[in-house]
Amino acid sequence: MTVAAFAQGSVLKQTLDIAEVEINDGQVTVSVFNMPEEGQNHYYLCVGTLGVGDDFFQLKIDPLYQLFIPLGDTLEEAQARLEEMKALAKEPAGTEIETVGVLALANPSTGTPEPVYLTSRRFLTQKLVEFSVKRNGYVRATHIGRAEIASLSSSVKIYRKIHKKEK
């Protein structure tokens, strides 16, 4: 019985961390990682768990499902997408772009792609990007600061310089 359990293939795919930033004293972790498949790289941004609520109020009640944003198949594409997100944070509050993301358990291969809205927000003096998924009249969202996105982008840039052969 034990042998049969180990012989089955895993649903989870290998992920290789490239950059990681902790927010709110480690309560939230935002990361960039590679999930290679059949010799092809696939880079993703994980923005962590999402709250549930509306445009103004979010409750963090789902500690398992995380939002993954595809960044591209090369490090250059990944860095460009992060720079685009960083630039969005500088736009006037309410500026919104739509992309595709996956709200899934563990990694993006366990979910289905759906529209994700990235919106420029302001909180006091901080510039934020809100990542939200709209479902059945409610919104699931989280906010990432421009500084954290800039840090991830810089880390990817350094990683590119160190790993020149990796595309």
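The values are calculated or read from the model by the stated rules, or taken from the named source; none is laboratory data. This structure is a prediction, so every number in the text was calculated from the model and none was measured. Because the Cβ atoms are built from the backbone with ideal geometry, glycine has one as well, and the counts that use them run over all protein chains shown. Note: areas computed on protein heavy atoms with side chains; ligands, DNA, RNA excluded. Shrake-Rupley method; radii C 1.70, N 1.55, O 1.52, S 1.80 Å.
From the list 160, 81, the one residue that fits, being more than 23 Å from residue 27 (Cβ to Cβ), open to solvent by 80 Å² or more (accessible area, probe 1.4 Å), of a type in the set (D, E, K, R) and out of contact with any Cys (no Cβ under 6 Å at 6 or more places or on another chain), is 160. The number of residues in the stretch 84-97 being open to solvent by 70 Å² or more (accessible area, probe 1.4 Å) and within 11 Å of residue 149 (Cα to Cα) comes to 1. For the criterion of being in contact with an Asp or Glu (Cβ under 9 Å, 6 or more places away or on another chain), hydroxyl-bearing (Ser, Thr, Tyr) and open to solvent by less than 10 Å² (accessible area, probe 1.4 Å), residue 119 passes.
For the stretch 39-64, how many residues meet the condition of being surrounded by 15 or more Cβ atoms within 10 Å (Cβ to Cβ), outside any strand (DSSP E or B) and modelled with pLDDT under 75? Step through it out loud before you land on a result.
Of all residues in the stretch 39-64, those surrounded by 15 or more Cβ atoms within 10 Å (Cβ to Cβ) come to 41-53, 58.
From what is left, the residues that are outside any strand (DSSP E or B) are 41-42, 50.
Add one more test, that the residue is modelled with pLDDT under 75, and what stays is none.
Final tally of qualifying residues: 0.
Just give me the residues in the stretch 98-116 being in contact (Cβ under 8 Å) with a residue 60 or more places away in the chain and crowded, with 18+ Cβ neighbours inside 10 Å, in sequence order. Listed by number, the residues that qualify are 107, 108.
Applying the criterion of being among the charged types (D, E, K, R) and farther than 11 Å from residue 94 by Cα to the residues of the stretch 122-136, the residue that is surrounded by the most Cβ atoms within 10 Å (Cβ to Cβ) is 127.
Does residue 154 qualify as being among the small types (Gly, Ala, Ser), on the phi < 0 side of the Ramachandran plot, open to solvent by 60 Å² or more (accessible area, probe 1.4 Å) and in contact with a strand residue (DSSP E or B) (Cβ under 9 Å, 6 or more places away or on another chain)? Working first, answer last.
Details: among the small types (Gly, Ala, Ser): yes; on the phi < 0 side of the Ramachandran plot: yes; open to solvent by 60 Å² or more (accessible area, probe 1.4 Å): yes; in contact with a strand residue (DSSP E or B) (Cβ under 9 Å, 6 or more places away or on another chain): yes.
Yes, satisfied.
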